Amino acid sequence: MMPSTVRRAGPVVLRDLFKIAQARGARRFEAANLVQEELIARLSERVEHLSSLPHGLSDTSSIDSLRKRYADWARSLENQRPVGSASDDRHFSSALRSMLGDNPVGRSRGEATASNSFMLAAVQQRALEKDGCPLFTLQANELLDEFFTSRLGMRLLMTQYLEGEKGARKSSSAIRSNFDGVKVARQSADTVRSICSRLHGAAPRIEVSGSVRDFTYVPAHVDYVLTEVLKNSARATVENAPKNCRLPEIKVNVVQSGSECRIIVTDSAGGIPAEDMGRIFSYFTSTAATRARFGENGEAQMHEQSLALAGFGIGLPLSRLYCRYFGGDLTVETMPGQGSVTTMRLQHLTPSDVPLPVASLLPRDASGIATFSNFFSPAPQAQFQRHGCEA
């Protein structure tokens with residue numbers, strides 16, 4: 001059973017994310033209660049959405065497990081008393097860390113863990129049963145975009161709140177005003193080269209150059225995307241290189257122009273066949289010869305090589321979603337037989353009133369929805385502005 005009366009999820013603007021992390025004293029307690037209410041609303045909407053998926057997906061054991069997990073989280077948050085003291089704050093923060101720990105953004109395992117794999121297990125298994133049905137593929141890609149966007153929004157709320165916790169270790173998952181794109185790129189390159197060397201006995205050199213200054217972004221997002229892109233390039237470079245020849249290097253160039261940062265990855269790994277270019281951003285396309293398989297319980301079943309360098313078929317579409325969440329993009333240009341150029345376009349984040357995606361497929365109440373817009377006003381009590389909103 002879900003919480004009885006919850007409001008619909010409301011849009012959050014960038015300014016809110018900044019202020020949630022900066023809130024102190026009584027303001028932090030108000031921010032906690034707002035984040036709690038918003039998370040309950042979003043988790044409840046996800047449960048409702050997961051109960052009415054097309055093509056019989058809601059009846060699968062994987063989706064049932066995911067639905068129960070989200071419902072448990074929503075109930076757990078609803079049962080917590082309002083935050084009004086340092087002790088309450090610590091208890092609420094502990095609950096958020098527990099939720100975040102269920103789905104860590106890790107460089108080696110990426111997003112294909114825990115609740116992600118429940119969703120992927122059901123959708124990819126049904127895709128096999130549908131045998132490439134174009135309508136199902138279209139709807140399933142939209143469904144997965146919706147699911148991952150919703151999940152990303154909830155994680156940002158949690159990481160930004162934990163960022164303001166007294167004495168907390170600063171997280172790369174939170175927004176950072178001193179974002180160093182070159183440093184992140186080198187970390188991603190080191191990770192990929194280590195994996196590639198271990199699995200293939202060799203790894204291409206990855207040269208990182210450029211600079212970025214006075215730029216605000218989320219390092220963990222860039223690390224995830226770059227690692228996915230470099231994994232594809234490194235694996236293809238090793239697999240397509242002639243034997244006993246020196247591996248061509250991969251180049252990563254970080255450039256900044258005003259409020260935009262571009263991270264450009266160039267390889268000489270043979271490129272992508274023209275007939276495959278239209279499918280590279282589909283969750284059902286993998287650049288690896290061996291795709292990941294999921295058990296009925298949602299756990300990934302694959303060889304270590306598939307897990308480390310490829311196999312799920314979600315790397316590029318999920319990477320593009322990460323970039324687009326904050327108004328950027330991810331594009332791929334290729335010359336078959338030569339190589340590819342992948343460009344991450346990132347927008348400098350400022351405390352603006354730009355709304356972030358909610359990813360709700362549910363109809364809005366005629367009376368409107370609650371938003372964050374009045375929460376950080378000078379008023380002593382948190383207040384929600386209600387207004388009409390189209391679905």
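The values are calculated or read from the model by the stated rules, or taken from the named source; none is laboratory data. Predicted model only: the values in this text are computed from it and were never measured. Note that we place each Cβ from the backbone using ideal geometry, even for glycine, and neighbour counts take in every protein chain shown. Accessible surface areas use protein heavy atoms only, side chains included; no ligands, DNA or RNA. Shrake-Rupley method; radii C 1.70, N 1.55, O 1.52, S 1.80 Å.
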At most 14 other Cβ within 10 Å, DSSP loop - trypsin sites (Lys or Arg not before Pro), segment 213-265
R213, K243, R246
Please go through segment 19-70 and write out the trypsin sites (Lys or Arg not before Pro) that DSSP classes as loop and that have at most 12 other C-beta atoms within 10 Å.
R24
With only Lys, Arg, Asp and Glu charged, each at its Cβ (+1 for the first two, -1 for the last two), find how big the charge dipole of segment 127-180 is about the Cα centre; round to the nearest 20 debye.
460 debye
Can you tally the net charge around I250? Count Lys and Arg as +1, Asp and Glu as -1, for every other residue whose Cβ sits under 9 Å from the Cβ of I250.
-1
Rolling a 1.4 angstrom probe over the protein heavy atoms, how many square angstrom per residue are accessible across segment 38-87?
41 Å²
1/(1 + (r/R0)^6) with r = Cβ-Cβ of L128 and D64, R0 = 22 Å, i.e. FRET efficiency to nearest 0.05, evaluates to 0.70
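Let's see if you can work this out: charge +1 on each Lys and Arg Cβ, -1 on each Asp and Glu Cβ, no other charges. What is the dipole magnitude of segment 173-239 about its Cα centre, in debye to the nearest 20?
Charge dipole of segment 173-239: 140 debye, to the nearest 20.
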Just to confirm, what accessible area per residue do you get for segment 171-252 at 1.4 Å probe, in whole Å²?
45 Å²
With 32 Å as the limit, write out which pairs from K68/K231; K130/K183; K130/K251; K68/K130; K166/K231 have Cα-Cα distances beyond it, or answer none.
K68/K231; K130/K183; K130/K251; K166/K231
So, how do all the Cα-to-Cα distances of segment 131-249 break down into 10 Å bins, in percent, from 0 on up?
12, 28, 27, 25, 7, 0
Stokes-Einstein, Kirkwood over Cα pairs, segment 168-215, 37 °C, 0.692 mPa s; D in µm²/s equals 261 µm²/s
Return the Rg/Rh ratio of segment 206-251 with Cα-based radii and a Kirkwood Rh.
1.11
Can you check what the net charge comes to around M154, using other residues whose Cβ is under 10 Å from the Cβ of M154 (Lys, Arg +1; Asp, Glu -1)?
+3
One finds, for T331 and D353 with R0 = 35 angstrom and r their Cβ-Cβ distance, a FRET efficiency to the nearest 0.05 of 0.80
Largest first and in whole Å, give the semi-axes of segment 35-98's equivalent ellipsoid, each being the square root of 5 times a Cα gyration tensor eigenvalue.
29, 11, 7
Among beta bridges assigned by DSSP with both residues in segment 205-270, the antiparallel ones amount in percent, to the nearest 5, to 60 percent
With all protein chains present, segment 152-255 has a carbon and sulfur share of its accessible area (1.4 Å probe) in percent of 43 percent
